[in-house]
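Structure, as C-alpha cells:
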Number of protein chains: 4
Amino acid sequence: MTGKTIEELNPGDSAHFTKTVSESDIYLYAGISGDLNPAHIDHEYASNTFFKARIAHGMLSAGFISAVIGMKLPGPGTIYREQNLKFLAPVHIGDTISATVEVLEIDPERKIVTLATRCFNQDKTLVLDGTALVNPPRKR
Amino acid sequence: MTGKTIEELNPGDSAHFTKTVSESDIYLYAGISGDLNPAHIDHEYASNTFFKARIAHGMLSAGFISAVIGMKLPGPGTIYREQNLKFLAPVHIGDTISATVEVLEIDPERKIVTLATRCFNQDKTLVLDGTALVNPPRKR
Amino acid sequence: MTGKTIEELNPGDSAHFTKTVSESDIYLYAGISGDLNPAHIDHEYASNTFFKARIAHGMLSAGFISAVIGMKLPGPGTIYREQNLKFLAPVHIGDTISATVEVLEIDPERKIVTLATRCFNQDKTLVLDGTALVNPPRKR
Amino acid sequence: MTGKTIEELNPGDSAHFTKTVSESDIYLYAGISGDLNPAHIDHEYASNTFFKARIAHGMLSAGFISAVIGMKLPGPGTIYREQNLKFLAPVHIGDTISATVEVLEIDPERKIVTLATRCFNQDKTLVLDGTALVNPPRKR
C-alpha cells in the first residue's frame, strides 16, 4: 500500500474528499483538540455572534485536506512537511465540504512537491485556501 | 465570555494547552477527518515505516494550537485568519504535547495579531512550528 | 452474569433491542469501520442517489442483532458462529430500528441454536432479515 | 465518484482494508450497537472466559468488509444485498485485521456479483469468512 512517487506525479494532478460536517464531528473534534470555544459548542453564545450559529473549527476542514494527502495524493508513505492555511469563510453544521488537492510544482532534487489545498462548501464558496509541501513516498 | 481585545494584548504574552495523545484520540480523529492513512491506524504497516510505530496526524497537534487561540489567547471571539504549520517531528501514542501560543506582533490598524504557535513533546522536542494571524475580539 | 443455556431455550423465545439511529451513530460507525462511502457521509452526493438522502451502513443495523444475541438471547457467554444477512430496505437518519431475535431450532447434540434475526423500522418495514447460529453458554 | 460497474469487474479482482483494532474501537462500537456484552467491555469477566481477555465484536470485523465493498470493490454506488458471515477466531485488542474482498462470480443478467469476503489477523489466521452479494453501480 503505497502512494504515488515523485516520478508518478504531474502538475495538475488532483484528488478530493467530501464530507457533510455533522454536529457530532464538531463535538468530537472539540473534545479531542480541547478547543471548546463557545463558537463551536454553545448554541446560545453562537446565536449572538456575527455568524449567527455554531461553526466548525477551521482545523476540522484542514483535516479533510490531510485526508486527501494521506490517502490519495500522493497517498500512503507521504511525509507532510508544511501546510499554510487561510480560513476564508465559516463552515456550519450540515455544510458539505470538498477538500481538493492539486499538484502545483515538483522539485525532483529536493524531492518536494507543492500542492494547492482548498476546501469548498456545497455552494462552491472557498472556505479554506492554502498550499502544502510534501515528500512523496519513495519507490519500493 | 470574551477573550482579550487587541488593546489588552502585548508582545510576549503566552498561553498553552497540554494533552497526552491517546490511541483513541488518533482513531477518533481518523474517523472524523477521513484520514485513515495506515501510518495512523495500521500497527503492522507502521512498524515497517521510518517511524517504527503508528503516529498521530500532524493536524491533530495543530488542533491543540487552535484550542489555545480559541480558549485563551486571545480567546473567545477571536477570528482565526491564517495558520502556517511546519511538521518537524512525529507524535506517537502516549506522547504529551504542549501547544504554546505567544504574541509576536500587534498591528492596531489592521486589527491583526501575529502569534508564534508551537507544539513540543514531553522531551521538549519541537514537533510543530508556525505562526498564526488572528483578529482579537472587539471591546463589548 | 450468564445467558441462557441450551436447556433453558425453547423455540419461539424472543427478545429485542430498539434504537433510533442518529447521524452521530452513522458518523462514528463510518470512522470505526473505515466505511466512508459517500452514501453515508456526503449529503450532496446522497441527495442524488436512489435513496435521496444519507443512509446508515447496513452493518450498523446488523450490530443491533448482535446486541440482542450477546445481551439477552441467549446472552452473555454465547459463542456467535454464523450470521446471514439480507439488506432489504435503507435505514435513514432518525429511523427507529427494532432488532428482534427468535429461537427457531435447537440442536442439543451439536449444542447449536438457530435464531431468526430481523430488523424493522418504525413503520414495521423489514429492513434486515437473516438467521444466526450460536452456541449458548454452558451451565455453570 | 463512482465504483466499478459490472462490466469493469473480473473474477479474481480483489481489494483490502487493514486496521489495528483499538480498545476505543470496541468501546465506541459497544456504545453505538448497544452490544455491551461483558466479553467486550468487562476485563474481569473476560479474563475468566475461554478467550482470557476482552475480544472485539464479530460485527466490528464485518464492518471492515463493508468498508472495502463500499469504498473500493465495487465502491461507491454499490447496493449491498446479502452477507454471510462465519466467525472463526477471536479478535483481541491490538490485533491488526485485514479485510479482503475478491470477485468470485458475475451474473450479468441479474446484475449480481458474488464476492468472497474474509478477514485475517496479523498472523494470517482467518478470523471471519463469508460471501457477499452486491449490485455494482450502473454506468453513468
Interchain or long-range residues, amide H under 5 Å from B:THR131's placed H: B:ASN84, B:THR117
Whole-number D in µm² s⁻¹ for segment B:25-140, Kirkwood Cα-pair radius fed into Stokes-Einstein, 25 °C, 0.890 mPa s: 161
In sequence order, calculated HN-Hα J values of segment A:35-48 (Karplus, 6.51, -1.76, 1.60; Hz; x Gly/Pro): 8, 9, 3, x, 4, 9, 10, 10, 4, 5, 4, 5, 5, 9
Shortest-first nm distances, D:ASP123 label point to equivalent points in other copies (7 Å, Cα→Cβ): 3.3, 4.9, 5.7
Least to most buried among A:LYS4, B:LYS111, B:LYS124 (fewest other Cβ within 10 Å first): B:LYS124, B:LYS111, A:LYS4
Inter-copy label distances at B:HIS92 (7 Å, Cα→Cβ; nm, one decimal): 2.1, 4.6, 5.0
Cβ-defined net charge surrounding C:ASP35, 14 Å radius [Lys, Arg +1; Asp, Glu -1]: +1
FRET efficiency, 1/(1 + (r/R0)^6) with R0 41 Å, evaluated for A:HIS92 and B:GLU7 via beta carbons: 0.85
Long-range HN-HN contacts of C:ASP13 with modeled amide H, under 5 Å: C:VAL103
Under Karplus coefficients 6.51, -1.76 and 1.60, residue-wise ³J(HN,Hα) of segment D:12-24 in Hz, glycine/proline x: x, 4, 9, 8, 8, 9, 10, 8, 7, 7, 9, 4, 5
From phi via Karplus (6.51, -1.76, 1.60), per-residue ³J(HN,Hα) for segment A:26-34 in Hz, x at Gly/Pro: 5, 5, 5, 5, 4, x, 5, 7, x
Fewest-first sequence of C:ILE41, D:ILE79 by Cβ atoms within 10 Å of each Cβ: D:ILE79, C:ILE41
Residues with amide H under 5 Å from that of C:ILE93, placed H, sequence gap 5 or more: C:ALA56
Rotational relation C to A, axis-closest Cβ in chain C, residue and distance rounded to whole Å: C:SER24, 2
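So if the hydrodynamic radius of the protein assembly as shown is defined as the Kirkwood radius over C-alpha pairs, what does Stokes-Einstein give as its diffusion coefficient at 10 °C and 1.306 mPa s, in µm² per second?
Working: Rh = 24.7 Å.
The estimated diffusion coefficient comes to 64 µm²/s.
Sort B:SER24, D:SER47, C:SER61, B:SER33 so that the residue with the fewest other Cβ atoms within 10 Å of its own Cβ comes first and the one with the most comes last. Could you put the intermediate results ahead of the total?
Values: B:SER24 16, D:SER47 11, C:SER61 25, B:SER33 31.
Fewest-to-most Cβ neighbours within 10 Å comes out as D:SER47, B:SER24, C:SER61, B:SER33.
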Total formal charge among the other residues, if their Cβ is under 12 angstrom from that of C:ALA67, Lys/Arg +1 and Asp/Glu -1: +1
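Compute the FRET efficiency between B:ASP123 and D:SER14 as 1/(1 + (r/R0)^6), taking r as their Cβ-Cβ distance and R0 = 56 Å, and round to the nearest 0.05.
Values: r = 43 Å, r/R0 = 0.77.
For B:ASP123 and D:SER14, the calculated efficiency is 0.85.
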Using a 7 Å Cα-to-Cβ projection, B:PHE51 label spacings across copies, nm, ascending: 2.8, 2.9, 3.3
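Here, each number is a calculation from the coordinates, and none is a lab measurement. Because the structure is predicted, anything quoted here is derived from the model rather than measured. Every residue, glycine among them, receives a Cβ derived from its backbone with ideal geometry; neighbour counts consider all protein chains shown.
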